Amino acid sequence: MAVDDRRRKAERIRHLLETEGDSVRENTRVFNEGRYESTADLDDYEELKDEARAIKEDAIERLPELLDRVTEAVEANGGSVYLADDAADANRYITEVVDGRNVVKSKSMTSEEMDVNDALEESGADVRETDLAEFVLQVADEAPSHIVAPAIHKSREEIADLFNEVFDPEEPLETAEELTRFAREYLGEEILDAEVGMTGANFVAADTGTLALVTSEGNARKCVQATDTHVAVAGVEKVIPSVEDLRPFVELIGRSGTGQDLTSYVSLLTPPGDSPTFGGSGESGSPGDRDLEPGDDREFHLVLIDNGRMAMREDDDLRETLYCIRCSACANSCANFQHVGGHAFGGETYSGGIATGWEAGVHGQESAAEFNDLCTGCSRCVNQCPVKIDIPWINTVVRDRINRGTDGEFDFLVEGLTPDAEPGGLDPQKRLFGNFDTLARLGSAFAPVSNRIARSGPVRSLMERTLGVDRRRELPAFERETLVEWFEARGPRVSPDEARRTAALYPDAYTNYVRTERGKAAVRVLEALGVRVEVPAAGESGRAPLSQGMVSTARSNAEAVYEALAPSLAAGRDVVVIEPSDVAMFRGEYERLLPEDEHAALREDSYEVMEYVHGLLANGADADALAAGDGERIAYHSHCQQRTLGLEPHTVSVLEERGFDVATSDVECCGMAGSFGYKSEYYDLSVDVGESLVDQFTTDDTADRAVVASGTSCLEQLDALLSRRPAHPVRLLDAR
Amino acid sequence: MPTEPLATFESSLTEIGIELVRTTAEGFESALSPRLDAPAVGTPLPFAGVSLPDAVETDPTVADLEAARTGVTAAGYGVADYGSVVIRGGPAGEEPVSLYADEHVAVVAASDVLPDMEATFDRLAEDVREGTGRAVIATGPSATADMGALVKGAHGPMEVTVVLLEDR
């Protein structure tokens with residue numbers, strides 16, 4: 001990326017942080033907390049997610065057959081189905097059906113994807129959005145910034161100003177109630193005057209031709225009920241086999257999105273249906289005079305749009321995107337999204353984590369390239385997704401494809417994900433961060449001179465200009481003696497006969513070259529608990545290149561790590577990992593990078609260091625060999641990937657057992673996220689996200705607590721933003 | 001009818017802020033009348049021995065619907081776990097009557113309160129296959145958070161009451 005592009009991007013993000021950040025943050029946080037509460041009430045949450053995913057997997061697998069089936073069912077009911085190749089095709093069909101009549105629409109992201117409003121208006125039809133948020137955006141002439149709450153970036157005050165200016169009501173509108181009532185009445189008139197109702201469809205059951213609409217306002221019901229013609233638009237991926245299959249989705253979708261157990265209305269429409277319509281005009285010509293008329297000859301058109309989806313279905317990495325039920329959990333749980341919203345973290349239509357998959361699939365890679373880097377791979381969305389889509393992996397793969405400069409014509413099918421080298425044109429910034437291992441090795445070999453040079457003004461300025469490394473961010477200082485060298489010289493201190501267990505401590509690049517103290521502390525803590533420790537010279541896990549979308553380099557790193565750890569694994573030793581993002585690699589991403597048996601070996605036998613300590617204590621190791629907390633008050637921030645893996649409680653439990661008084665943060669992420677916080681285009685966002693964590697650690701209860709964090713990035717971020725120097729939890733246990 | 005789903009139904013309704021009125025066919029009119037704000041619209045109730053008072057307009061025009069304070073309809077069934085009622089749309093106008101008035105009064109038979117969503121979807125599938133073109137699982141009043149705060153009564157009713165006929 002050129003220096004000017006970086007500056008423009010940084011300015012755009014700063015602008016959104018200032019103008020839309022507060023509203024987005026406030027609203028997504030409510031949704032996010034709602035989801036945690038609501039899903040906690042479900043006894044069978046995991047089973048429901050598995051069920052939902054299985055239905056989607058099956059439906060996408062059998063999609064051509066289901067499309068035939070739904071066509072038969074809808075036609076047997078008296079409606080029509082149109083399978084549209086792309087947006088232009090769908091718009092042409094819908095324009096013909098509408099034929100210049102007035103249209104009232106309920107919210108539909110698919111219709112946004114098609115820009116159907118523009119097409120209809122060009123043909124002379126009036127189109128009115130009736131979803132209150134979509135109405136606000138239509139009046140403001142703005143694009144949605146969230147897939148469920150499209151006007152999430154606007155505050156009540158801004159909406160009031162907008163309405164007062166545009167509609168000039170007798171009494172200025174102010175409260176949310178007044179705004180809602182005004183919109184209801186205004187739109188109520190429009191609904192009465194309309195002849196065509198357009199909706200999306202959250203799901204379509206192939207066996208009966210039943211549409212499910214998940215809503216809360218009631219406008220979708222009115223749009224369909226009041227008009228003589230119903231046009232429903234949906235992507236082909238919305239088709240599921242049967243009506244019964246709707247159940248897990250109905251129980252998951254509201255909880256996952258806005259945190260409601262159920263939305264107010266889940267409408268099952270098997271059109272045309274016989275509910276009365278408002279029909280033609282009344283005797284006096286005023287619409288209110290009209291009688292209700294029989295609805296059984298209401299016209300119904302289901303428009304199912306391909307627009308790249310059938311090709312996504314053939315793409316092993318993008319296919320999962322089609323399982324998406326557009327609930328927005330990935331956006332709401334994303335720290336970056338929480339701070340800037342979908343106008344930064346989104347493409348032409350879709351926003352949030354899954355947007356990369358959608359945009360790459362339906363609009364092409366270019367649209368995804370704009371915002372794809374805002375996914376830091378923190379994985380917080382993974383457990384939140386009701387159909388268990390590996391969203392970070394989709395983002396990584398698309399990043400890799402963008403690096404390779406091939407536009408979405410699916411030629412990666414030929415190249416696959418096993419290229420032998422990164423492409424020549426790869427952004428130098430990505431190449432720098434992706435090769436952190438090499439950088440750290442050199443930095444350490446020439447320390448402390450390398451640290452002094454790297455910190456000098458001219459070098460920082462050069463790095464900022466050529467590599468986009470923000471000069472405001474402090475660089476890591478490399479140690480001359482690596483952890484591996486220290487351990488080689490020192491040797492193990494627990495003899496094989498006395499050893500409770502034997503463990504290979506994995507020296508991640510940061511621990512090995514930069515934060516050697518925590519590595520030494522980990523060795524001493526494990527030894528104090530009777531573990532014989534070895535520190536094999538294994539390189540960087542591949543997390544660094546993976547986060548830059550350099551999948552090929554990540555794979556070579558993974559292979560090298562496995563090779564270095566293989567003798568320990570073969571000897572039945574445990575692998576203990578200090579850095580949570582590396583445990584996550586071993587358990588998760590390595591499945592995509594290594595042969596199955598190698599991944600399985602690492603997955604089974606690797607432990608996060610505090611998880612391991614917890615296990616040792618639970619199995620009889622003497623906790624008194626560790627330093628005592630004596631009531632010391634600490635503020636602990638877990639790490640995104642550590643939380644996703646469910647590893648936070650182990651650390652808290654061990655620290656509490658040793659007598660520390662622990663307060664924990666509950667923000668999704670620290671915002672630093674590996675290389676993200678170093679990048680000049682993202683530095684401001686990284687700090688803004690970090691401020692949420694700082695707020696939690698500067699309350700009356702936490703301001704005087706020692707700060708403790710598990711992740712390297714979190715430690716760096718906290719170090720930069722707080723005056724208290726943070727430490728890794730294992731250092732608290734080190735009795736020395 | 002086991003009492004457990006009914007108790008769950010009641011507590012779920014309480015949780016979402018909806019009043020449950022328990023009555024019998026005999027007590028129906030006196031139970032309903034305090035909940036009827038004029039003008040009221042309604043659809044004929046399918047329960048033997050139960051009918052709507054004359055003040056309720058059962059053949060409303062569009063203008064009647066728009067002006068209605070109360071709309072009374074039967075609900076096909078209730079969902080105990082969620083406090084939902086399932087409104088089956090039909091030619092009598094259950095869909096518009098339950099949607100346009102400020103307050104919706106849903107009348108449900110105790111024997112039609114189903115324990116959970118699994119049972120509900122079995123019934124819904126049966127309905128669809130028997131030709132019911134429209135069913136709405138309605139939970140609480142309509143609502144929106146799009147105007148900067150949670151507001152009850154977006155396009156649909158701002159209040160819901162459930163009348164449970166216990167002798168059915």
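The values are calculated or read from the model by the stated rules, or taken from the named source; none is laboratory data. Everything quoted here is computed from the prediction, not taken from an experiment. Neighbour counts are summed over all protein chains in view; Cβ atoms, including those assigned to glycine, are modelled from backbone coordinates with ideal geometry. These area figures cover heavy atoms from the full protein model, side chains too; ligands, DNA and RNA do not enter into them. Shrake-Rupley method; radii C 1.70, N 1.55, O 1.52, S 1.80 Å.
Given the conditions (1) open to solvent by less than 40 Å² (accessible area, probe 1.4 Å); (2) in a helix (DSSP H, G or I); (3) at the interface with chain B (Cβ under 9 Å from one of its Cβ atoms), report the number of the one that residue A:163 does not fulfil. So the condition that residue A:163 fails would be (3). You will find that of A:50, A:22, A:58, the residue that is exposed (fewer than 14 other Cβ atoms within 10 Å of the Cβ) and acidic (Asp, Glu) is A:22 and no other.
Among the residues of the range B:82-92, those that are at pLDDT below 95 and either open to solvent by less than 10 Å² (accessible area, probe 1.4 Å) or at the interface with another protein chain (Cβ under 9 Å from one of its Cβ atoms) (or both) comprise B:89, B:90, B:91, B:92. When each of A:462, A:467 is tested for being farther than 22 Å from residue A:518 by Cβ and either of a type in the set (Gly, Ala, Ser) or open to solvent by less than 80 Å² (accessible area, probe 1.4 Å) (or both), the lone residue that passes is A:467. The single condition among (1) within 14 Å of chain B (Cβ to nearest Cβ); (2) open to solvent by 30 Å² or more (accessible area, probe 1.4 Å); (3) charged (D, E, K, R) that residue A:99 does not satisfy is (1).
Of the residues A:178, A:190, which single one is open to solvent by 10 Å² or more (accessible area, probe 1.4 Å), under 20 Å from residue A:120 (Cα atoms) and assigned to a helix (DSSP H, G or I)?
Among A:178, A:190, only A:190 is open to solvent by 10 Å² or more (accessible area, probe 1.4 Å), under 20 Å from residue A:120 (Cα atoms) and assigned to a helix (DSSP H, G or I).
Among the residues of the range A:241-265, those identified as outside any helix (DSSP H, G or I) and within 22 Å of the chain's Cα centre (by Cα) are A:258, A:259, A:260, A:261. Please indicate, with yes or no, whether at least one residue in the range B:77-88 is more than 30 Å from residue A:174 (Cα to Cα), outside any strand (DSSP E or B), among the charged types (D, E, K, R) and more than 13 Å from the chain's Cα centre (by Cα). Taking every residue of the range B:77-88 in turn, at least one turns out to be more than 30 Å from residue A:174 (Cα to Cα), outside any strand (DSSP E or B), among the charged types (D, E, K, R) and more than 13 Å from the chain's Cα centre (by Cα). Listed by first and then second residue, the pairs with beta-carbon distance under 8 Å, at least 6 apart or on different chains, first residue in the range B:51-65 and at the interface with another protein chain (Cβ under 7 Å from one of its Cβ atoms), second assigned to a helix (DSSP H, G or I) and open to solvent by 70 Å² or more (accessible area, probe 1.4 Å), are B:61/A:289; B:62/A:289; B:63/A:289.
Residues that are free of Cβ contacts under 8 Å to residues at least 24 places away in the same chain and among the basic types (Lys, Arg) are absent from the range B:119-127.
In the range A:136-156 there is at least one residue that is part of a helix (DSSP H, G or I), open to solvent by 50 Å² or more (accessible area, probe 1.4 Å) and within 9 Å of chain B (Cβ to nearest Cβ).
Can you work out which of the residues in the range A:102-131 that are among the hydrophobic types (A, V, I, L, M, F, W, C) and either out of contact with any Lys or Arg (no Cβ under 8 Å at 6 or more places or on another chain) or within 22 Å of residue A:367 (Cα to Cα) (or both) is nearest to the other protein chains (Cβ to nearest Cβ)? Show your work before the answer.
Restricting attention to the range A:102-131, the residues satisfying the condition of being among the hydrophobic types (A, V, I, L, M, F, W, C) are A:103-104, A:109, A:114, A:116, A:119-120, A:125, A:127.
Right, trim to either out of contact with any Lys or Arg (no Cβ under 8 Å at 6 or more places or on another chain) or within 22 Å of residue A:367 (Cα to Cα) (or both) and you get A:109, A:114, A:116, A:119-120.
Values: A:109: 15, A:114: 22, A:116: 21, A:119: 25, A:120: 22 Å.
Within the range A:102-131, the match that is nearest to the other protein chains (Cβ to nearest Cβ) is A:109.
Screening the candidates A:120, A:42 for the property of being touching a helix residue (DSSP H, G or I) at 6+ places or on another chain (Cβ under 8 Å) and modelled with pLDDT under 95 yields one hit, A:42.
Is it true that some residue in the range A:551-561 is among the small types (Gly, Ala, Ser) and within 18 Å of residue A:606 (Cα to Cα)? Let's see the steps before the verdict.
First pass over the range A:551-561, keeping only residues among the small types (Gly, Ala, Ser): A:552, A:554, A:556, A:558, A:560.
Filter once more, so that each one left must be within 18 Å of residue A:606 (Cα to Cα): A:558, A:560.
Looking for residues that are among the small types (Gly, Ala, Ser) and within 18 Å of residue A:606 (Cα to Cα), one finds at least one in the range A:551-561, hence yes.
Among the criteria (1) within 9 Å of chain B (Cβ to nearest Cβ); (2) modelled with pLDDT under 90, the one residue A:297 does not fulfil is (1).
Just to check your reading of the model, which residue among B:134, B:123 is within 10 Å of chain A (Cβ to nearest Cβ) and not hydrophobic (A, V, I, L, M, F, W, C)? Before the answer, list the steps.
Details: B:123 fails: within 10 Å of chain A (Cβ to nearest Cβ).
After applying the criteria, what remains is B:134.
A count restricted to the range A:25-47 and to residues that are within 29 Å of residue A:244 (Cβ to Cβ) and open to solvent by 10 Å² or more (accessible area, probe 1.4 Å) stands at 13.
If you go through the range A:319-363 and pick out every residue that is surrounded by fewer than 24 Cβ atoms within 10 Å (Cβ to Cβ) and in contact with a Leu (Cβ under 7 Å, 6 or more places away or on another chain), you end up with 1.
Just for the range A:166-199: of the residues that are hydroxyl-bearing (Ser, Thr, Tyr) and out of contact with any helix residue (DSSP H, G or I) (no Cβ under 6 Å at 6 or more places or on another chain), which one is nearest to the other protein chains (Cβ to nearest Cβ)?
Of the residues in the range A:166-199, the ones hydroxyl-bearing (Ser, Thr, Tyr) are A:175, A:180, A:186, A:199.
Filter again for out of contact with any helix residue (DSSP H, G or I) (no Cβ under 6 Å at 6 or more places or on another chain), leaving A:175, A:180, A:186.
Values: A:175: 8, A:180: 4, A:186: 11 Å.
If we take residues in the range A:166-199 being hydroxyl-bearing (Ser, Thr, Tyr) and out of contact with any helix residue (DSSP H, G or I) (no Cβ under 6 Å at 6 or more places or on another chain), then A:180 is nearest to the other protein chains (Cβ to nearest Cβ).
Reported count of residues in the range A:200-229, each being more than 11 Å from chain B (Cβ to nearest Cβ), open to solvent by less than 10 Å² (accessible area, probe 1.4 Å) and of a type outside the set (Val, Ile, Thr), is 4.
Which residue, of A:316, A:306, A:373, is under 24 Å from residue A:677 (Cα atoms) and either in contact with a Cys (Cβ under 9 Å, 6 or more places away or on another chain) or open to solvent by 20 Å² or more (accessible area, probe 1.4 Å) (or both)? Outline the logic, then answer.
Details: A:316 fails: under 24 Å from residue A:677 (Cα atoms); A:306 fails: under 24 Å from residue A:677 (Cα atoms).
Being under 24 Å from residue A:677 (Cα atoms) and either in contact with a Cys (Cβ under 9 Å, 6 or more places away or on another chain) or open to solvent by 20 Å² or more (accessible area, probe 1.4 Å) (or both) holds for just one of A:316, A:306, A:373, which is A:373.
Could you identify the single residue in B:117, B:147 that is over 27 Å from residue A:298 (Cβ atoms), within 12 Å of chain A (Cβ to nearest Cβ) and modelled with pLDDT of 95 or more? After ruling out the rest, the residue left standing is B:117.
Going by the conditions given, is residue A:590 closer than 20 Å to residue A:652 by Cβ and either free of Cβ contacts under 8 Å to residues at least 40 places away in the same chain or not polar (S, T, N, Q) (or both)?
On the way: closer than 20 Å to residue A:652 by Cβ: no; either free of Cβ contacts under 8 Å to residues at least 40 places away in the same chain or not polar (S, T, N, Q) (or both): yes.
It is false that residue A:590 is closer than 20 Å to residue A:652 by Cβ and either free of Cβ contacts under 8 Å to residues at least 40 places away in the same chain or not polar (S, T, N, Q) (or both).
Candidates in the range A:232-250 are the residues that are at the interface with another protein chain (Cβ under 7 Å from one of its Cβ atoms) and either of a type in the set (Lys, Arg) or open to solvent by less than 10 Å² (accessible area, probe 1.4 Å) (or both); of these, the one that is farthest from residue A:207 (Cα to Cα) is A:250.
For beta carbons closer than 8 Å, sequence separation of 6+ or different chains, a first residue in the range A:55-80 that is over 24 Å from residue A:297 (Cα atoms) and a second that is open to solvent by 40 Å² or more (accessible area, probe 1.4 Å) and outside any helix (DSSP H, G or I), the qualifying pairs are A:67/A:83.
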